[in-house]
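Enquirer: My questions will all concern the structure given below.
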Amino acid sequence: MSAASAGFSREERLLKKQQFQRVYGQGRLCRGRHFWVYFLANNLEYCRLGLSVANRFCPNLVLRNRVKRIVRECYRNKKEAWGPGRDFVVVLKRLPAPLNLSSVCPELLSLLKVAYEKNSN
């Protein structure tokens, strides 16, 4: 993996409200214990990731930011496995305990894999 592909550039993120609404409205859903993943095909040469961590599930700002950092890191480490042309929105539904990369990644990666495979069909 090259240094350029190991990053997580701004173009690989869903940032605007319209982008999230499109994935929520037209996409499909995979549910896990702590996360839900909405996914939708896009016409781009890369996948994009959006994160939604609500106050009611994680009222502490520091924890919300930590959840987002962990999810981004998990996604970034495996992003080449997803191939081109997908938008993913990861929604926190329950705070995992313990909150670390090794406890979050297995669930998140399995949800992303299922989402990618469903979207390929």
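Enquirer: Taking segment 14-27 on its own, how many of its residues are surrounded by fewer than 15 Cβ atoms within 10 Å (Cβ to Cβ) and touching a residue at least 12 places away in the same chain (Cβ under 8 Å)?
Expert: Of the residues in that region, 2 qualify.
Enquirer: Right, here's the next one. Given the structure, is Cys30 surrounded by 11 or more Cβ atoms within 10 Å (Cβ to Cβ) and more than 17 Å from Ser110 (Cα to Cα)?
Expert: In short, no.
Enquirer: Just one of Arg48, Arg56, Arg86 is among the charged types (D, E, K, R), touching an Asp or Glu at 6+ places or on another chain (Cβ under 9 Å) and within 24 Å of Gly25 (Cα to Cα); which is it?
Expert: Arg48
Enquirer: Okay, next question. Which one of Lys93, Lys79 is in contact with a Phe, Trp or Tyr (Cβ under 6 Å, 6 or more places away or on another chain) and either touching a residue at least 60 places away in the same chain (Cβ under 8 Å) or surrounded by 11 or more Cβ atoms within 10 Å (Cβ to Cβ) (or both)?
Expert: Lys93
Enquirer: Continuing with this model, one more query. Quick one: is Arg86 surrounded by 13 or more Cβ atoms within 10 Å (Cβ to Cβ) and under 22 Å from Arg10 (Cα atoms)?
Expert: Judged against the criteria, Arg86 is a match.
Enquirer: For segment 48-97, enumerate the residues that are at pLDDT 90 or above, under 12 Å from the mean Cα position of the chain (by Cα) and part of a loop (DSSP other than H, G, I, E, B).
Expert: Val53
Enquirer: Considering every residue within segment 27-41, establish whether at least one is out of contact with any His (no Cβ under 9 Å at 6 or more places or on another chain), more than 21 Å from Glu12 (Cα to Cα) and part of a strand (DSSP E or B).
Expert: yes
The values are calculated or read from the model by the stated rules, or taken from the named source; none is laboratory data. The model shown is predicted, which means the values in this text are computed figures rather than measured ones. Cβ atoms come from the backbone with ideal geometry, glycine included; neighbour counts cover every protein chain shown.
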